[in-house]
Amino acid sequence: MLRWAGFWRQGRVHISARSDYAVRAALGLASKYPATVSSATLATEQDLPRKFLEAILADLRRAGLVRGQRGVEGGYVLTRAPDEVTIGEVLRAVDGPLAEVRGRRPEETSYEGTAEHLQQLWVAVRAAVRNVLDEVSLDDIVRGRLPGHIRRLITAPDAWQPR
């Protein structure tokens with residue numbers, strides 16, 4: 001089963017709370033960049049559980065996406081400008097690879113018989129996910145300016161319909 005940004009649940013993509021909170025925290029930092037923002041402020045503004053948020057910020061720090069600053073003016077700040085940080089980077093920092101098949105990367109899978117070409121599909125799924133998440137920056141979301149190919153995806157007739 002393919003795992004994406006958290007995991008695949010009941011036949012659909014599931015974005016974990018950790019991923020959702022991480023993106024929301026990163027957007028909060030992006031909106032105030034280059035100023036530092038305290039975890040308490042981020043938690044309040046985004047209605048996030050503070051202890052969980054602090055663990056997420058630690059993941060983002062380990063990934064090199066944010067840095068912490070101690071003291072009266074302390075808090076967190078992005079290490080790069082918001083237009084240089086993608087949503088995909090944030091998700092990988094907290095939940096690992098964007099796509100996995102039974103705990104392995106798609107290119108590491110192999111099949112025989114009638115499923116011998118399935119690996120190609122899993123690689124294509126990962127490429128499609130990357131084409132969205134690695135092409136949208138924090139700045140794009142903060143400013144509400146999604147790239148054209150993303151706007152086309154969300155304006156497709158069935159994009160907003162559940163299946």
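The values are calculated or read from the model by the stated rules, or taken from the named source; none is laboratory data. This is a predicted model, so every value here is computed, not measured. Glycine gets a Cβ as well: all are built from the backbone with ideal geometry, and neighbour counts include every protein chain shown. What goes into the accessible areas is simple: the full protein's heavy atoms, side chains included, and nothing from ligands, DNA or RNA. Shrake-Rupley method; radii C 1.70, N 1.55, O 1.52, S 1.80 Å.
Summary table below
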{"quantity": "Breaking point among (1) touching a residue at least 60 places away in the same chain (Cβ under 8 Å); (2) touching a strand residue (DSSP E or B) at 6+ places or on another chain (Cβ under 9 Å); (3) of a type in the set (Gly, Ala, Ser), for Ser39", "calculated": "(1)"}
{"quantity": "Single residue of segment 98-113 satisfying the filter (outside any helix (DSSP H, G or I) and open to solvent by less than 30 Å² (accessible area, probe 1.4 Å)) that is farthest from Leu57 (Cα to Cα)", "calculated": "Thr109"}
{"quantity": "Hits in segment 66-87 (condition: part of a loop (DSSP other than H, G, I, E, B), under 18 Å from the mean Cα position of the chain (by Cα) and under 14 Å from Val37 (Cβ atoms))", "calculated": "Thr79"}
{"quantity": "Lone unmet requirement of (1) modelled with pLDDT of 95 or more; (2) of a type in the set (Gly, Ala, Ser); (3) surrounded by 14 or more Cβ atoms within 10 Å (Cβ to Cβ) for Ala40", "calculated": "(3)"}
{"quantity": "Complete set of residues in segment 25-37 that are open to solvent by 60 Å² or more (accessible area, probe 1.4 Å) and either on the phi > 0 side of the Ramachandran plot or assigned to a helix (DSSP H, G or I) (or both)", "calculated": "Ser31, Lys32"}
{"quantity": "Residue pairs meeting the criteria (Cβ under 7 Å; at least 6 apart or on separate chains; first in contact (Cβ under 8 Å) with a residue 40 or more places away in the chain and under 19 Å from Ala99 (Cα atoms), in segment 109-124; second open to solvent by 50 Å² or more (accessible area, probe 1.4 Å) and of a type in the set (Lys, Arg))", "calculated": "none"}
{"quantity": "The listed residue being hydrophobic (A, V, I, L, M, F, W, C), closer than 23 Å to Ala22 by Cα, touching a strand residue (DSSP E or B) at 6+ places or on another chain (Cβ under 8 Å) and in a helix (DSSP H, G or I), out of Val129, Val90, Val142", "calculated": "Val129"}
{"quantity": "Every residue from segment 72-105 that is at pLDDT 90 or above and β-branched (Val, Ile, Thr)", "calculated": "Val77, Thr79, Val85, Thr86, Ile87, Val90, Val94"}
{"quantity": "Within segment 43-64, tally of residues that are in a helix (DSSP H, G or I) and either at positive phi or open to solvent by less than 50 Å² (accessible area, probe 1.4 Å) (or both)", "calculated": "8"}
{"quantity": "For Val23: the one exception among (1) farther than 16 Å from Val90 by Cα; (2) among the β-branched types (Val, Ile, Thr); (3) at pLDDT 95 or above", "calculated": "(1)"}
